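This report refers to the structure that appears directly beneath it.
The values are calculated or read from the model by the stated rules, or taken from the named source; none is laboratory data. Remember, it's a predicted structure, so these values are computed and weren't measured experimentally. Don't worry about glycine lacking a Cβ; one is built from the backbone with ideal geometry, like all the others, and counts go over all protein chains shown. To get the accessible areas, we keep the full protein, side chains included, count just its heavy atoms, and leave off ligands, DNA and RNA. Shrake-Rupley method; radii C 1.70, N 1.55, O 1.52, S 1.80 Å.
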Amino acid sequence: MTNHRHARRPIAILAVSGVVAAIVIGTAQPSGAASTLGSAAAARGRVFAAALTTAHLNEAQYTNTFDTEYRGLTPENEMKWDATERSRNVFSFGPADTLVSHAQARGMAIRGHTLVWHSQLAPWVSRITAGSDLLAAMRNHINQVMAHFRGKIQYWDVVNEAFDGANRRNSVFQQRIGNTYIEEAFRAARAADPAAKLCYNDFSTDGVNAKSTAIFNMVQDFKRRGVPIDCVGFQSHLIVNQVPGDYQANLQRFANLGVDVNITEMDIRMPTPASAANLQAQANNYRTVVAACLAVARCTSITTWGVTDKFSWVPSTFPGQGAALLFDNNYARKAAYTSTLSALGG
Ligand code: XIL
């Protein structure tokens, strides 16, 4: 039986020292190791993703680097409340649709980010005074946005950053609706897109601490009472040389509750200009986080909060700090890229 799948390969016949050798050209198969972040992670059953924004899609190196290296997309700003429902019950999805199409055309997973958050909230929402009215507005927002993207989103960050340390953040939702607003959001989300996995997402929850424990207790309570929740996102906006020693243990304790865990917004910042020592330490830190995810069966994705240091949110939010991602200002691969790829088995 012929191996017809190989029949298209061009054959070159070379005479070398009187010996005729047949060499198959142009068929080099990878010898085993995947050569991009996305393919290496896929070989381990994980999605390696990045936050992307329409603001830079016209820069070829930005889109090419993203398209080549990543297999998942989170819109950096385009699905937030102030972008999707700037006036009450008037929805606009243009920039978000652009990103969704970009991802879909390339077979990428999409993370919806985010439905209920105190920040980048349309101003009219904060002016609502009655809890019943705000609850109705929140439910409508969840319904309309999730319905628009129904069937396209693998994971949704339903509620973002609702804790302030061990306590509930004093957001307009907390003030007007009260403690039940989070579970109300998850119930509305389940009804709006039953196929999407529904996540709670927060920062400074990357080790076992008072804040992550408060969230752990909430997720445990939701599970016991049947409030729909499928996943917890750990933003992992980290500082060089400060990866919590119990990072993996923290992921695992959440996974043990019966939820997926996702690393959703990873970056590792340092003072700029970056020193060689810090860039090497960052590479080690990225390796530690990737290894932790791979060691937890329910850790299904790793997302970096951007592609290149050039456009990272870090320098404008934390003045004097930056260099937090895997590609530098010129899209060159950093030591952290190499350590991440190798930790993924690439
Ligand atoms: C950031 C974006 O990267 C910036 O472009 C924007 O100006 C502010 O928001 N936690 C989150 C993200 O959940 O949505 C934030 O993204 C970073 C912190």
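Amide H to amide H under 5 Å from residue 266: which residues, 5+ apart in sequence or cross-chain, H placed 1.01 Å off N in plane?
303, 304, 305
Given the options 64, 285, 209, which has the most mean-square fluctuation in a GNM of the chain, springs set between C-alpha atoms less than 10 angstrom apart?
64
Give me, ordered by chain and number, the residues 5 or more places off residue 322 or on other chains with an amide H under 5 Å from its own placed amide H.
Here 270, 272 satisfy the definition.
Points 7 angstrom from Cα along the Cβ direction at residue 331 and residue 209: gap in nanometres?
Here the modelled spin labels are 3.6 nm apart.
Return the subset of 197/223; 152/334; 152/197; 310/334 for which the Cα-Cα distance in this structure is over 22 Å, preserving the input order.
With Cα atoms farther than 22 Å apart: 152/334.
Run the 1.4 Å probe and let me know the accessible area of residue 312, rounded to the nearest 10 Å².
Taking all protein chains as shown, residue 312 has close to 20 Å².
Can you compute the helix-only [θ] at 222 nm over the chain? Use -39500 (n - 2.57) per DSSP H run of at least 4 residues, normalise by all residues, nearest 500 deg cm²/dmol.
Value at 222 nm, helices only, nearest 500: -11000 deg cm²/dmol.
So what J values fall out for segment 321-331 if you push phi through Karplus, 6.51 cos²θ - 1.76 cosθ + 1.60 with θ = phi - 60°, rounded to Hz, Gly and Pro as x?
With the stated coefficients, segment 321-331 comes to 10, x, 6, 9, 10, 8, 10, 7, 4, 9, 6 Hz.
With the chain treated as a Gaussian network of Cα nodes joined by springs under 10 Å, which of 143, 89, 160 yields the largest mean-square fluctuation?
Checking each option, the largest mean-square fluctuation is seen for 89.
Give me the extension gain from residue 86 to residue 133: residue separation times 0.36 nm, minus the current Cα-Cα distance, reported in nm with one decimal.
Taking residue 86 through residue 133 to full extension adds about 15.2 nm, to one decimal.
Pairs of alpha-carbon atoms within less than 8 angstrom and 6+ residues apart define the contacts here; what relative contact order does the chain have, in percent?
16 percent
Just to be sure I understand: with springs between alpha-carbon atoms less than 10 Å apart, which residue in 86, 225, 71 has the highest mean-square fluctuation in the Gaussian network model of the chain?
Of the options given, 225 has the highest mean-square fluctuation.
Where does segment 198-346 land on Rg(C-alpha)/(2.2 N^0.38 Å)?
In units of the globular-protein estimate, segment 198-346 measures up at 1.06.
Quick one: net charge of residue 37's neighbours, Cβ under 9 Å, K/R +1, D/E -1?
Combined, the nearby Lys, Arg, Asp and Glu give 0.
How large, in percent, is the carbon and sulfur part of the accessible surface of segment 4-343 at a probe radius of 1.4 Å?
51 percent
Given the convex hull of the Cα atoms of the chain, what is a quarter of its surface area in nm²?
22.5 nm²
Using the Karplus curve 6.51 cos²θ - 1.76 cosθ + 1.60 with θ = phi - 60°, work out ³J(HN,Hα) for each residue of segment 160-173 in order, rounded to whole Hz, and write x for Gly and Pro.
Result, ordered by residue: 10, 6, 8, 10, 10, x, 7, 9, 5, 5, 7, 7, 4, 5 Hz.
State in Å² the accessible area per residue of segment 4-343; use a 1.4 Å probe, count heavy atoms of protein chains only, and round to the nearest integer.
Normalised by residue count, the accessible surface of segment 4-343 is 42 Å².
Report, by chain and number, residues whose modeled amide H sits under 5 Å from the one on residue 155, excluding near sequence neighbours (fewer than 5 apart, same chain).
110, 112, 197
Largest first and to the nearest Å, give the Cα extent of segment 59-210 along each principal axis.
46, 40, 29
Among the complete DSSP H segments of the chain, which ones combine at least 15 Å of alpha-carbon extent along their axis with a mean Kyte-Doolittle hydropathy of -1.0 or more?
94-105, 131-148, 181-192, 210-225, 276-295
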